[in-house]
Amino acid sequence: MSDDVSFRRATADDGRSLHAACYPEKSFTQFRAHFAHLLDWQANGRCHWLVGIDKNNQIVASGQLVLYPHGAELANLSVTASRRNEGIGAALIEALTAVARSFDLSGLEIGVAERNGRALALYQRLGFTEDRRLLIPNAETAIILRKSL
């Protein structure tokens, strides 16, 4: 991984920078609603949202550990386009996995679109194995992978 990236919890002050760096395909209005919702979850202990920060204090990555009554999943993983293929995504997943371990969870899930072979290969390299397939509303197939902790 690039040595210039560290991870910290997302804060309310991260909104605009996070949108621009990791979720530019969404309108800011759409993103702002999602952002506020996940920050509420984080405040209530339902979610742990990490952002990757480079040496210039710029956001370069984002992802969440979402806790459910009977498990947890990694969600909304993103690395800014200009910083992909540097190992930042793998480091983010490992950081979120460490948070999951602190809750003594037995396992962790992550989903990926069947057509996203690069992400699927990364998740498998990090120890996730296919658990099931789901047909999501837009008729795309998602692969749900699981890792024992």
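When the test is whether a residue is touching a Leu at 6+ places or on another chain (Cβ under 7 Å) and modelled with pLDDT of 95 or more, residue 43 does not pass it.
Okay, residues lined up against (1) touching a Phe, Trp or Tyr at 6+ places or on another chain (Cβ under 8 Å); (2) at pLDDT 95 or above:
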position	(1), (2)
2	no, no
13	no, yes
23	yes, no
31	yes, no
35	no, no
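The values are calculated or read from the model by the stated rules, or taken from the named source; none is laboratory data. Keep in mind that this is a model prediction, so the values were computed, not measured. Glycine gets a Cβ as well: all are built from the backbone with ideal geometry, and neighbour counts include every protein chain shown.
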